[in-house]
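Novice: This is the structure I have questions about; it appears just below.
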Amino acid sequence: MTRPVLIVTGGSRGIGAATCIMAAKRGYDVAVNYQGNAQAAAKVVAACEAAGAKAVAIQGDMASATDIIRLFAEAKAALGPISHVVNNAGITGKSGPLADADTAVIRACIDVNVTGAILVAREAARALTANADAPAKAIVNISSAAVTLGSPGEYVWYAASKGAIDSLTIGLAKELAPAGIRVNAVAPGMTETDIHALSTGEPGRTARIAPTIPLKRVASPEEIAESILFLLSEASAYTTGVVLRVAGGR
């Protein structure tokens, strides 16, 4: 039986890495996209292979149209026709009030989180539509609880960028439904990943926010990955155009 082939952008760390490894355990072959940390991507590939999957690490900047197109081409060449995509790559930029934000930080965030994500979705639409033999095809975009929280004093530009992902999800789901391609999104709340130290510049952010969450804790990457895998799977076969909030009640 042919295994489904999954691309995960930003798959070398955090939620992306957890999704790659969980997908491998559940029968997918996996293309692990990464931007700069080849060692981290190699570890994810090794974990996927240990679970019995074929896996490949593919470098690419998800703000670059050229890299995005190459990612899909290399994933297909290595693993076969693409059937599933997790549109996960994203950045925040250093946290702070909008009035203090540097224009370059805002532009970089939009380039990856909006323009890049739309281009990934475009290539996913092309690849999945062309894969007529796949029995099931799905795209999961990664949004954020920040869309409705607004992230005041932290990064309202990031919240705005993820609002675009919700709109993308709704529109693309309707557009691709006749082709049998489902499009959904997961909107994680506070999750224990290194994005807080590497991107926001606030390593202690999770500890600061946790008491404000109704469940009184942050999520693990694996908890978010569970929701992503649900929306990729045929367990959600009649679900499309949905933004699933996984935010501990926040």
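Novice: Within the stretch 225-250, what residues put their amide N at less than 20 Å from the label point 7 Å along the Cα-to-Cβ vector of A210?
Specialist: 225, 246-250, by backbone N distance to the label point.
Novice: Near K94, which lysines are there with a Cα under 20 Å away, not counting those fewer than 8 places off in the same chain?
Specialist: K94 reaches K162.
Novice: What's the magnitude of the charge dipole for the stretch 149-236 around its Cα centre, counting Lys and Arg as +1 and Asp and Glu as -1 at the beta-carbon? Answer in Debye, nearest 20.
Specialist: That gives a dipole near 240 debye.
Novice: Tell me the angle of helix 156-176 to the major Cα principal axis of the chain, expressed in degrees between 0 and 90 and rounded to the nearest ten.
Specialist: That helix lies at roughly 30 degrees to the long axis.
Novice: For the stretch 96-250, give the magnitude of the charge dipole about the Cα centre (Cβ charges: +1 Lys/Arg, -1 Asp/Glu; no others), in debye to the nearest 20.
Specialist: Here the stretch 96-250 has a charge dipole of around 320 debye.
Novice: Still on this structure: Residues in the stretch 75-99, backbone N under 17 Å from the label point at A132 (7 Å along the Cα-to-beta-carbon vector): list them, ranges by number please.
Specialist: Counting only backbone N, you get 81-83.
Novice: Shifting gears a bit: If you filter the stretch 1-71 for trypsin sites (Lys or Arg not before Pro), then keep DSSP loop positions with at most 16 other Cβ within 10 Å, what is left?
Specialist: Passing sites in the stretch 1-71 are R26.
Novice: Using +1 at the Cβ of each Lys and Arg and -1 at the Cβ of each Asp and Glu in the stretch 5-246, identify which of T239, Q59, I21 lies farthest towards the dipole's positive end.
Specialist: After comparing all options, I get T239.
Any read-out appearing in this document is the output of simple, stated calculations on the displayed coordinates, not a laboratory observation. The structure displayed is predicted, hence computed values, not measured ones. Backbone-built Cβ (ideal geometry, glycine too); neighbour counts: all protein chains shown.
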